[in-house]
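The values are calculated or read from the model by the stated rules, or taken from the named source; none is laboratory data. All values derive from a computational prediction rather than experimental measurement. In this analysis, Cβ positions are derived from the backbone assuming ideal geometry, glycine residues included, and neighbour counts consider all displayed protein chains. Ligands, DNA and RNA are stripped out before the accessible areas are found, and what is left, the full protein with its side chains, is counted by its heavy atoms. Shrake-Rupley method; radii C 1.70, N 1.55, O 1.52, S 1.80 Å.
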Amino acid sequence: TIAIEGNAYGPPTDSLVITGIIDGPLSGGTPKAIELYVLDDIQDLSLFGVSSVSNGRGTNESTVKYNFPADAVTAGTYIYLSQASDDTNFQAFFGFASTYQNNVLSVNGNDSIELYENGQIIDTFGDVNTDGSGQAWEYLDGWAYRKSATGPEGTTFTPTNWTYSGANALDGESTNAVAQSPFPTGTYSETASIIKFDNA
């Protein structure tokens, strides 16, 4: 008999997905934040965590930089994680408070994000092995937003599953409400949108 210590986890439930990321236009390139969507009820959100990957330096696998608190959240909830040092600017730009704050999001529009459940990567934004500068997924002073009914995708990043504002799209903007290319807050859906059209 061998005595062991630690935690035993079941397979990931994939109950959370990254739906958006923003590198804002306010002082210091703020707000810096991500939006996540709860796909299924989660009894203990602390099983989930986030890491950022700077400048294409490769995965932070097994190194979760931020774990959420042990909150219960229901399916259909949007979660906003902002950079703690600029949360005031998050509220100023979006007009509402972020859900959680931590300094894991010191991103600059060319960095990737990894989402973990039970220490395993369940979703990824950006190519963790590539500096996003000049790439289609660059979000410097802009944003990227996941298309509905896609994800989570594990360690795979599929650029065509996202829409992009383009770099510098938010330059000079003071709030999301008046921006020419606003971050599409809370618009992700588990089902694809239906476009009605006239056959004629």
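Hey, for a label at SER85 modelled as a point 7 Å past Cα toward Cβ, could you say which residues of the stretch 102-134 have their backbone N under 20 Å away?
Flagged as within label range: 102-114.
Whole-Hz ³J(HN,Hα) for each residue in the stretch 77-91, computed from phi via Karplus 6.51 cos²θ - 1.76 cosθ + 1.60 with θ = phi - 60°, x for glycine and proline: what do you get?
Couplings: 7, 9, 10, 10, 9, 10, 5, 4, 5, 10, 4, 4, 6, 4, 5 Hz.
Please give the charge dipole size of the stretch 1-139, origin at the Cα centre, charges +1 on K and R Cβ atoms and -1 on D and E Cβ atoms. Round to the nearest 20 debye.
Computed about the Cα centre, the dipole is about 280 debye.
Can you pull the accessible area of ILE2 for me, 1.4 Å probe, Å² to the nearest 10?
Near enough 140 Å² of accessible area.
How long are the three semi-axes of the equivalent ellipsoid of the chain, in whole Å, if each is the root of 5 times an eigenvalue of the C-alpha gyration tensor, listed from largest down?
For the chain, the semi-axes come out at 28, 20, 17 Å.
Estimate the FRET efficiency between GLU5 and LYS147 by the formula 1/(1 + (r/R0)^6), using the beta-carbon distance for r and 25 Å for R0, to the nearest 0.05.
Result of the calculation: an efficiency of 0.05.
Nearest 0.05, what FRET efficiency do ASP171 and THR74 give at R0 = 30 Å with Cβ-Cβ as r?
The computed FRET efficiency comes out at 0.25.
Quick check on the chain: of the DSSP beta bridges with both residues there, what percent are antiparallel, nearest 5%?
DSSP beta bridges in the chain are roughly 90 percent antiparallel.
How much of the accessible area of the stretch 55-200, probe 1.4 Å, is carbon plus sulfur, in whole percent?
Carbon with sulfur: 47 percent of the solvent-accessible area.
With a 1.4 Å probe and every protein chain left in place, work out the accessible area per residue of the stretch 69-130 in Å², rounded to a whole number.
Ligands and nucleic acids excluded, the result is 36 Å² per residue.
Mind ordering 77-84, 93-100 by average Cβ neighbours within 10 Å, highest first?
77-84, 93-100
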